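Structure first, commentary second.
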Amino acid sequence: MIPLRGGGGLQPAAVLVFASLAALGRAEVQGEGRTPRPAVDPYTQGDPQAAKSAGYVSFGPFLWGDDHTSERVQAVLGGEPLIWVETAHFRLGSSLDEYDFPSDRIERKKLEGELARLKERLSGLKGKVKKLDPWLRLHLYALRLEDLYSDFLREFALEESEFPGPAGARPMGRGPYLGMADKFTVLLLEKKSALARYTSTYCEKAWEASFRYYFTKSDGLFCGLSYDALEGELQNDLVFHYALVFLVTQNLYGGFRGYDSEGPVWWQEGLARWFARKVDPRCLLYTAGKDETLRDELEADWEPKVRARVGHAYFPSVEEMLAWKDPEEWEFSRHMMAWSRVDFVLRRDRAKARALLMDLREPIPWSPERPREELLAERSRNALQSALGKDLAAFDREWAAWVFENYAKR
Amino acid sequence: MAGNPGGVDPLNPLAPAGSPYLAAPRGPTSQSELEIRWDYPVYAPKVETPTGRTVATFEKRVLPLLEAMAILAGADRRPVLVLRECQTCTGTDDALLTRRADNEKTMLMSRWFHCVKLPADVLDVDHPFHALFEGDSPSHLFIADWDGSGRTNLNGQQSRTELWSIMGEKLSARYASTHETALAELFSILGELDALDDKVGSLRQQLDAEIEKDGPKSAQAAKIQKEITRLANERSELRERAVRVSALKLKERHRPASAGAPSSEKA
């Protein structure tokens, strides 16, 4: 879908499905326009010590991607009111507007927990929060991104100190960020137009909803999302967080041991879904195909559905799954199946999960004799066999037995 | 609907016609037909670095009007609909162009325009595209020929009917065949697509439920699958019909371009 670059292309991140829930849309006229952002973060007052205590390296300006800085991004995006922060593993830019405290009980509870944690870090955050102002949203997303990074390390039994690893050992990439030389960059934009301008200028083609991209020179992975690509009932902070985790997980995976190419698609999608469902398992974003309406959240209870299929011995073998391509063409059940396979790997044995991740991301030397596609398929097959210590048919059988034993019947 | 209280616009049967109720949301296929395909030009000429790489530079150089229009239009010879975003009156422009039932006619008509969205800072005197929105009270959007001639400025406060009338005039002037017939047919196609989307979506869920209940060999599952295939084919044919209906031919143009010569001002 997008030009290949740096040895492999990035999917357009299953473009935020124009979810079709409702075109009831937004308020027709908001009236006042966009809230201006204070130039200095009101929660740290720009104090270096306060920023450090909050886990920040900088509020910008900084180098952003290949040959461009955060200031240049600001210039290209024109009037977009951007604010910036750099954490231990991410550089984040946001133009998200103020957000009212939600009425959804689950979203509310989640936010309360996150804000309680933020209060421990941000001395300027006090009292009851009724609205999330743009700076507070930036802090929240910085926290969420770092949480995801830690979670990724934990689930795969990885240590920060392993990257890039000593010379002579099994290569772990070029740099300290899971193997990437540069930090992961994330741009959260209120408007689709802003993302389109950014991607058309720096990522070769305009994308309005979401996009992932590899910067070859800085060796960094970028992810951008626009909030107003979500429509109707989907336009809320919880779904946006889900989308962010879905996309950034793919960058963490793609960057692990250095970026060369991605896939297999089923694993990558399943992995992204597995982490995203921790945000909200009710959300079915990115499960509707091009001509499909996003299903109701009643369809989000996947364990009984997968179990029922296993009960009828009706499921794709992993051999078949290795051939799956564009997730936008997938039928709904494929998303469940991909998630469930990853669930099987990650919930059982972290050492094996780690071994599989290592093998799936084993660098592939360039070969003049064999097409890269063929080498990638071979790497995936070998990884599944060697890391899990079994042939693919045995993997299918074990997964099915595990599902039958562990998933709720209804 | 202005001028037609209680009636139904034959070109837009889903528009609220004296009814307090919103129309049913469109299905995914209709929604994609209704999407405005915006272009978001950024003036960032590529330059070669000393190492031989090509990088985008963002120049703060005001382009002359003709050059700005030429960059905006590229090779596209459709008339343009150019909108500038605004930080202080969010919504007045979007209200006309956001996907809502009462905007569907605008959405559908947009396919015959090259739609361009510029950022709010186009009002800055040093913005490369500033020449398009000069003056003390610049318009919010304008409609023009691809080279900037025959321009009509709009301030974003106009009613939908005014907007449709201006869009319609431009389409009649620039296209060899009438858009009105195409619009009527497109509205009818949207209705059919919605019905198909609805049926296919519901059948897909039924199929999954059936498989999970009785397994893939269930007779019912096979029947549902067959029906899904039939309806999906029907939907593909409809989409192809929408493409054919939308393919209006531009008129040949002989007169030379004279960008910026406004034909009218609607403020």
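Only one of A:Ala157, A:Ala142 is surrounded by 21 or more Cβ atoms within 10 Å (Cβ to Cβ), out of contact with any His (no Cβ under 6 Å at 6 or more places or on another chain) and modelled with pLDDT of 95 or more; which?
Residue meeting the stated conditions: A:Ala142.
Output the residues belonging to the range A:303-326 that are in a helix (DSSP H, G or I) and either over 20 Å from B:Ser218 (Cβ atoms) or not hydrophobic (A, V, I, L, M, F, W, C) (or both).
A:Glu303, A:Pro304, A:Lys305, A:Arg307, A:Arg309, A:Gly311, A:Val318, A:Glu319, A:Glu320, A:Met321
Take the residues in the range A:280-295 that are touching a residue at least 12 places away in the same chain (Cβ under 8 Å) and within 11 Å of chain B (Cβ to nearest Cβ); name whichever of them is surrounded by the fewest Cβ atoms within 10 Å (Cβ to Cβ).
It comes out as A:Lys290.
Can you tell me which of (1) surrounded by 17 or more Cβ atoms within 10 Å (Cβ to Cβ); (2) within 20 Å of A:Gly289 (Cβ to Cβ); (3) among the β-branched types (Val, Ile, Thr) is the one B:Ile189 doesn't meet?
(2)
Within the range A:296-310, restricting attention to residues that are within 12 Å of chain B (Cβ to nearest Cβ) and over 26 Å from A:Arg397 (Cα atoms), which residue is surrounded by the fewest Cβ atoms within 10 Å (Cβ to Cβ)?
A:Leu298
I'm trying to understand the selection: among the residues of the range A:280-302, which are of a type in the set (Ser, Thr, Tyr) and either out of contact with any His (no Cβ under 8 Å at 6 or more places or on another chain) or not in a loop (DSSP other than H, G, I, E, B) (or both)?
Once the filter is applied, which keeps residues that are of a type in the set (Ser, Thr, Tyr) and either out of contact with any His (no Cβ under 8 Å at 6 or more places or on another chain) or not in a loop (DSSP other than H, G, I, E, B) (or both), the range A:280-302 yields only A:Thr293.
With over 18 Å from the mean Cα position of the chain (by Cα) and either more than 14 Å from chain B (Cβ to nearest Cβ) or under 30 Å from A:Asp343 (Cβ atoms) (or both) as the only criterion, which of A:Glu269, A:Glu231, A:Glu204, A:Glu262 stands out?
Step by step, each of A:Glu269, A:Glu231, A:Glu204, A:Glu262 is checked, and only A:Glu231 is over 18 Å from the mean Cα position of the chain (by Cα) and either more than 14 Å from chain B (Cβ to nearest Cβ) or under 30 Å from A:Asp343 (Cβ atoms) (or both).
Return the residue satisfying two criteria in turn: it lies in the range B:25-56 and is at the interface with chain A (Cβ under 9 Å from one of its Cβ atoms) and modelled with pLDDT under 75, and of such residues it is surrounded by the most Cβ atoms within 10 Å (Cβ to Cβ).
Ranking the qualifying residues of the range B:25-56, first place goes to B:Ala56.
Testing B:Arg174 on (1) of a type in the set (D, E, K, R); (2) more than 10 Å from chain A (Cβ to nearest Cβ); (3) under 23 Å from A:Glu331 (Cβ atoms), one condition comes back false. Which one is that?
(3)
Report the residue count in the range A:369-403 for those that are surrounded by fewer than 18 Cβ atoms within 10 Å (Cβ to Cβ) and under 12 Å from A:Phe344 (Cβ atoms).
4
For residues that are crowded, with 18+ Cβ neighbours inside 10 Å and outside any helix (DSSP H, G or I), scanning just the range A:327-361, find the one that is nearest to the chain's Cα centre (by Cα).
A:Arg361
Is there a residue being part of a helix (DSSP H, G or I), under 19 Å from the mean Cα position of the chain (by Cα) and of a type in the set (Phe, Trp, Tyr) anywhere in the range B:169-186?
For the range B:169-186, residues part of a helix (DSSP H, G or I), under 19 Å from the mean Cα position of the chain (by Cα) and of a type in the set (Phe, Trp, Tyr): absent.
Quick one: A:Thr199 ticks every box in (1) of a type in the set (Ser, Thr, Tyr); (2) without any contact (Cβ under 8 Å) to a residue 24 or more places away in the chain; (3) within 14 Å of chain B (Cβ to nearest Cβ) bar one, so which box is it?
Exception for A:Thr199: condition (2).
Has the range A:329-341 got any residue that is under 18 Å from A:Gly263 (Cβ atoms) and polar (S, T, N, Q)?
No - not one qualifying residue is present in the range A:329-341.
Check B:Ala70, B:Ala101, B:Ala95 and return the single one that is assigned by TED's automatic domain parsing to the domain that holds B:Gly150, small (Gly, Ala, Ser) and modelled with pLDDT of 95 or more.
None of the other options fit; the residue is B:Ala70.
Filter the range A:228-268 down to the residues that are of a type in the set (Gly, Ala, Ser) and in a helix (DSSP H, G or I), then identify the one that is modelled with the lowest pLDDT.
Within the range A:228-268, the match that is modelled with the lowest pLDDT is A:Gly232.
If A:Lys217 meets every condition in (1) over 30 Å from A:Ser333 (Cβ atoms); (2) in contact (Cβ under 8 Å) with a residue 60 or more places away in the chain; (3) away from every other protein chain (no Cβ under 14 Å) apart from one, which number is that one?
In the conditions (1) over 30 Å from A:Ser333 (Cβ atoms); (2) in contact (Cβ under 8 Å) with a residue 60 or more places away in the chain; (3) away from every other protein chain (no Cβ under 14 Å), A:Lys217 misses (3) alone.
Before we move on, is B:Arg204 in contact (Cβ under 8 Å) with a residue 24 or more places away in the chain, over 26 Å from the mean Cα position of the chain (by Cα) and on the phi < 0 side of the Ramachandran plot?
Yes; evaluated as a whole, the condition is true for this residue.
Can you name the condition, by its number, that A:Gly78 falls short on among (1) outside any strand (DSSP E or B); (2) more than 14 Å from chain B (Cβ to nearest Cβ)?
With respect to (1) outside any strand (DSSP E or B); (2) more than 14 Å from chain B (Cβ to nearest Cβ), A:Gly78 is out only on (2).
Identify the single condition in (1) under 19 Å from A:Arg361 (Cα atoms); (2) under 17 Å from the mean Cα position of the chain (by Cα); (3) acidic (Asp, Glu) that A:Asp219 does not satisfy, given that it satisfies every other one.
(2)
With part of a helix (DSSP H, G or I), surrounded by fewer than 16 Cβ atoms within 10 Å (Cβ to Cβ) and either of a type in the set (A, V, I, L, M, F, W, C) or at pLDDT 95 or above (or both) as the only criterion, which of B:Val243, B:Val200 stands out?
Sole residue among the options that is part of a helix (DSSP H, G or I), surrounded by fewer than 16 Cβ atoms within 10 Å (Cβ to Cβ) and either of a type in the set (A, V, I, L, M, F, W, C) or at pLDDT 95 or above (or both): B:Val243.
Yes/no matrix, rows are residues, columns are (1) farther than 15 Å from A:Leu145 by Cα; (2) part of a loop (DSSP other than H, G, I, E, B):
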residue	(1), (2)
A:Trp84	no, no
A:Ala88	no, yes
A:Gly93	no, no
A:Leu96	yes, yes
A:Ser103	yes, yes
A:Glu107	yes, no
A:Ala116	yes, no
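Quick check: anything in the range A:158-178 among the acidic types (Asp, Glu) and either under 18 Å from the mean Cα position of the chain (by Cα) or more than 27 Å from A:Phe256 (Cα to Cα) (or both)?
No, the range A:158-178 has no match at all.
The values are calculated or read from the model by the stated rules, or taken from the named source; none is laboratory data. Please read all numbers here as calculations on a predicted model, not as lab measurements. Virtual Cβ from ideal backbone geometry, glycine too; neighbours counted across all protein chains shown.
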